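These notes are about the structure you will find just below.
The values are calculated or read from the model by the stated rules, or taken from the named source; none is laboratory data. Owing to the predicted nature of the structure, the values given are computational and were not obtained by experimental measurement. Backbone-built Cβ (ideal geometry, glycine too); neighbour counts: all protein chains shown. The accessibility values were calculated without ligands, DNA or RNA, using every heavy atom of the protein model including side chains. Shrake-Rupley method; radii C 1.70, N 1.55, O 1.52, S 1.80 Å.
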Amino acid sequence: MSSDHARAQLETVVLPFWLQRGIDERHGGFFTCFDNRGRTLVSTDKFAWSQGRFVWLLARAADLGRRGLLDVDAEELLRLARRGAQFLIDHIITGEQTTRYVVGRDGGPPQTPGQPDRSVYADWFVSLGLAEVARQSGEPRWLDQALPILDRARADHLAGAAPTPPYQVPPGHSAFGPKMLLVNALLVASQAARAFGQHSHLEAQLGPGRR
């Protein structure tokens, strides 16, 4: 796929679908539980990793729009990213610097009972989204919310105590997924910290060649 084709798909198919159908104007956050054809919203539950990833996507797309790499309304995308970030803070981040696995449409209990309480994947996607909003908006308050979550998730991961729903890592095995997402979250957060002139401890965690 050429870069021109990829850009056209983003501008005419992918972003229009999500901007038209994925934004919850009433309660904040985003609808992401569609069937495979994208025709039916099968649940209004809001999974933390999808919410954080959506926030990151909007903030990054806003940056691409500002730089002329996407034909989008950058300020509107950043407005939506901020609104999604606020939903994360209001309803998904816990007092223990972790995230709830899933919430209902208004931030209350989800429609489907029996869901896990936490996944480290959700922690990292939430911190990644908040950090990108901070970098693109120039507002460090979002990064202040992201860093404690990232630090807690990293510590739990290194201690072997980080839960990984929806897929558990079998005893005696090591998964690449958590490691890859941790590096990505550290990178985005360190870029945001650097944008504010902060000498972040995150860069040391990334190691040589990752800065």
Along the charge dipole of the chain, Cβ charges K/R +1 and D/E -1, which of Q86, V133, A8 sits furthest on the positive end? A8
How do W142, W49 stack up against each other in accessible area, from largest to smallest, with a 1.4 angstrom probe? W49, W142
I'd like to check one number: the per residue accessible area of the chain, probe 1.4 Å, reported in Å² as a whole number. 52
If one builds a Gaussian network model of the chain from Cα atoms under 10 Å apart, the most fluctuating residue listed among G197, G108, G138 is G197
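Taking the Cα centre of the chain as origin and charging only Cβ (+1 Lys, Arg; -1 Asp, Glu), how large is the dipole, in debye to the nearest 20?
Value, rounded to 20: 280 debye.
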For the range 30-154, rounded, prolate or oblate, judged on the Cα gyration tensor with a ≥ b ≥ c (square roots of eigenvalues), a/c < 1.5 rounded, else prolate if a/b > b/c? oblate
Give the carbon-plus-sulfur fraction of the accessible surface of the range 1-123 in %, rounded to a whole number; probe 1.4 Å, heavy atoms of protein chains only. 49
With Rg and Dmax of the Cα atoms in Å in mind, check [x] 17.1, 48; [y] 17.3, 56; [z] 16.1, 49 and report the label derived from this structure. [x]
